[in-house]
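A.B. asks: So that we are looking at the same thing, I have put the structure below in structure tokens.
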């Protein structure tokens, strides 16, 4: 950690405070050059462009008038974020690396693992410029995945845009967030037939969203499943397409269960009332909401 902080201090001391258009500057950081043929980068859709990197290695200076020597690629680019677009003069950007035919192409540069989706974060409101980078570095050091980062100087169409953070877009990938694919399987009408198979495949399940039908007839099966399963129920919602019976039991409920071996959760009874505003929505918009409480 001390080495990281010292490195950041040295980098910030050497950064140009302000570089005017067409002014040549030198920096110990990689210089990332994006060319759009003078087209303005929109919020969406992304536009084609080219990206090159000037980088002469650790300990060497890089000049803004140097040709890209460390990397070059076709890209698609657009603006990202909300505050950075509407309130800040320093925009953030989303980048996808492309081949000569405009197809997605996994690439590696500046010691990043190979991928195609990237983010250029402009730390405008954080005047230290360090907050996000430091937080991600600490998280990665604790053994949890977070975006790997690299400070860069950004130039767009030969105009200096300032200090940016090149970072990985968080996504499911073996080089990024290496988690199992969540498969969606339609089992409507057969959900009670697979209850035994769910626990047999406990170690393969991260999250399970299941809809139980005909509760009035199958209530004992559901109670038995909930009692025996090693999965933990974290959310429940009643489908309001059908009314409740005279005992207040809905016709259909939707449950979300997770594997406690793969997620850290507190094992306690909820004091929430369902549905949760802003999270649960009516299946039938004009139907009466079905409230669920736990005593």
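A.B. asks: Round to a whole angstrom and tell me the spacing of the C-alpha centers of segment 206-223 and segment 119-166.
C.D. replies: 46 Å
A.B. asks: Between rounded, prolate and oblate, where does segment 45-128 land on the alpha carbon gyration tensor, with a ≥ b ≥ c its root eigenvalues, rounded for a/c under 1.5, else prolate if a/b exceeds b/c? Don't skip to the answer; put the middle values down first.
C.D. replies: Values: a/c = 1.95, a/b = 1.14, b/c = 1.71.
Oblate.
A.B. asks: Going by the alpha-carbon gyration tensor, a ≥ b ≥ c the square roots of its eigenvalues, is segment 2-168 rounded (a/c under 1.5) or, if a/c is not under 1.5, prolate (a/b greater than b/c) versus oblate?
C.D. replies: Rounded, because the longest to shortest axis ratio a/c is under 1.5.
Each value in this text was obtained by applying a stated rule to the coordinates, not by laboratory testing. These numbers come from a predicted model, not from an experiment.
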